[in-house]
Amino acid sequence: MKLGELKALLQARGLAPRHHLGQNFLIDPALLAAIPKDAGVQAGQPVMEVGPGYGALTESLLHAGARVLAVELDRGLASWLRERLAPAMEAGHLQVVEGDVLGDRGRFHPEVEAWWDRNQTPLVVSNLPYGISGPFLSRLPQRSLLGACLLLQREMAERAAAATRGGALSPLAVRLSLRFEVQLGRKVPRQVFWPRPEVESSFLHLRPRQDGLQSAEDQALEPVLRFAFGQRRKRLLPRLRREFPQWAALLESLGVEEEWRPEKISAKLWMQALKGLES
Ligand code: SAM
C-alpha cells in the first residue's frame, strides 16, 4: 500500500499512529518482501507475528505460504486487519488475536499459549513494538521454536546479541546465547518506517542451538542471573554465597575469582555451573 493511501485509510477510520504502542509501520515493499525469506518461512509453516498493525508484514508472510497467528493490541488496527485480510482468515491461513501478547508471569496471551501448544515449534517474525522488546525476548528461551526474525531498536538488538559479539552482558544476553544461535542482522534505515522512529533499527535472528539449554534449564538459570546482575557493580561471589551457595561454590571451582563482577562471567561459565549443578 502506498503511503498516501495508508494515511487516507487510517484517517477514514479515525486512526493515527500511536507512539506509546510503538506504531512505526513498515512502508518499504522490498524489505517487506525480503523478511519471510530471511526468516526462512516455508509453505504451511506456523508463524507468530507480534503487532501486525494493519497487516503489511502479515500479507507478505501469507504470500510466502505461512499460517499466521497475528497478535495486535490496538483494537482499531485489529478490526481493520480482520476486514482487510478476511479472505485469509476464511481460508484458515490467518488467525487474529486482539490483546496484549504478554500474559502474566512470563507467559503469553492465553490464546497464544493455546496456539503454541497446537503448533509446537513455530517461527516468530515481527517488527516488534519497542516498548515490549525486553519482556518479549525474555520469554523466548523457555519456548520451543524453530527460529525468530525480529526487527528491533538497534541498541536493543546489540544488547541481546552481546554474548556473541562481545558487548556488555546481561541476563537476557546470556540466556539467549545459551539457547539460541544469536545473530545480529542487517541495519535498517529510518526511512523504511512511517512515522520515522527516532532511533536506528536492526534485525535479530535466533535459531535453536543443537547443544543449547533445555527450557527447564533456562528456568533454573534465570533467577540466578537476575540476582547476579541485580547489583552489577558489586563483587559476585560474596553476594551469591548468601542467596545461591551451591552456584557460588560451582563458579568458584570453575575459576571465578573473588573480585569478579557478574559481567566478567561468560555465558559458557554459567552453562558449566548449571551442568555441574545437574550432575
Ligand atoms: N507489523 C506492522 C508493520 O511492520 O508495519 C506494525 C509494527 S509496529 C512497530 C508494532 C505493532 O505492535 C503496532 O501495531 C502496535 O499496536 C502493536 N503492539 C504494541 N504493543 C503490543 C502488545 N503488547 N501486544 C501486541 N501488539 C502490540
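Only the coordinates and a few stated rules stand behind these numbers; no lab work does. On a predicted model such as this, the values are computed, not experimentally measured, just so you know. A quick note on method: Cβ atoms are made from the backbone with ideal geometry, for glycine too, and the neighbour counts reach across all protein chains shown.
Report the relative contact order of the stretch 3-208, percent, no decimals, based on alpha-carbon pairs under 8 angstrom and at least 6 residues apart. The normalised contact order for the stretch 3-208 reaches 20 percent. Quarter the surface of the alpha carbon convex hull of the stretch 172-233 and you get the mean projected area, 6.3 square nanometres. For an R0 of 30 angstrom, estimate the FRET efficiency from the Cβ-Cβ distance between Gln11 and Arg196 and round to the nearest 0.05. Computed FRET efficiency for Gln11 and Arg196 comes out at 0.95. Between Asn24, Asn119, Asn127, the GNM of the chain built on Cα springs shorter than 10 angstrom shows Asn119 fluctuating the most.
When the chain is treated as a Gaussian network with alpha carbon springs shorter than 10 Å, the biggest mean-square fluctuation among Arg143, Arg75, Arg242 belongs to Arg242. Phi angles of the stretch 260-272 translate, via the Karplus equation with coefficients 6.51, -1.76, 1.60 and θ = phi - 60°, into HN-Hα couplings of 5, 8, x, 4, 7, 7, 6, 4, 4, 5, 4, 5, 4 Hz per residue; Gly and Pro are given as x. Helix-only arithmetic for the chain: the sum of -39500 (n - 2.57) across DSSP H runs with n ≥ 4, divided by the residue total, places the mean residue ellipticity at 222 nm at -12500 deg cm²/dmol.
When the charge dipole of the stretch 3-208 is built from unit charges on Cβ atoms (+1 for Lys and Arg, -1 for Asp and Glu) and taken about the Cα centre, the candidate among Gly99, Phe203, Ala56 whose Cα reaches farthest toward its positive end is Phe203.
Other residues lying with their Cβ under 12 Å from the Cβ of Glu200 contribute a combined charge of +2, Lys and Arg counting +1, Asp and Glu -1. Between Arg186 and Arg139, the modelled labels are 2.9 nm apart [label points 7 Å from Cα along Cα→Cβ]. Here the simple spin-label model places points 7 Å from the Cα toward Cβ, and for Arg232 and Met89 these points are separated by 4.3 nm.
Cross-link pairs exceeding 31 Å between alpha carbons, from the set Lys187/Lys275; Lys37/Lys264; Lys187/Lys264; Lys7/Lys37: Lys187/Lys275; Lys37/Lys264. Backbone phi angles across the stretch 79-84, fed through the Karplus curve with coefficients 6.51, -1.76 and 1.60 (θ = phi - 60°), yield HN-Hα couplings of 5, 5, 4, 4, 5, 4 Hz in residue order; Gly and Pro are listed as x. If only the Cβ of Lys and Arg carry +1 and only the Cβ of Asp and Glu carry -1, the dipole of the chain around its Cα centre is close to 640 debye. For the stretch 191-279, the relative contact order is 26 percent, taking Cα pairs closer than 8 Å that sit 6 or more residues apart in sequence and dividing their mean separation by the residue count. Each of Leu6, Gln42, Ala267 was placed along the dipole of the chain (beta-carbon charges, centred on the mean Cα), and the one lying farthest toward the positive end is Ala267. Helix 110-119 against the longest principal axis of the chain: what's the angle in degrees, Cα atoms only, rounded to the nearest 10? With both axes taken from Cα atoms, the answer is about 80 degrees. For Val124, the residues whose modelled amide H falls within less than 5 Å of its own, excluding neighbours fewer than 5 places apart on the same chain, are Met48, Gly147, Ala148, Cys149. Net charge dipole, the stretch 57-191: roughly 560 debye, given to the nearest 20, about the Cα centre with Cβ charges of +1 for Lys and Arg and -1 for Asp and Glu. Comparing mean-square fluctuations of Glu217, Glu90, Glu155 from a GNM of the chain with C-alpha springs under 10 Å, the top value falls on Glu90.
How large is the Kirkwood hydrodynamic radius of the chain, in angstrom, based on all distinct alpha carbon pairs?
20.0 Å
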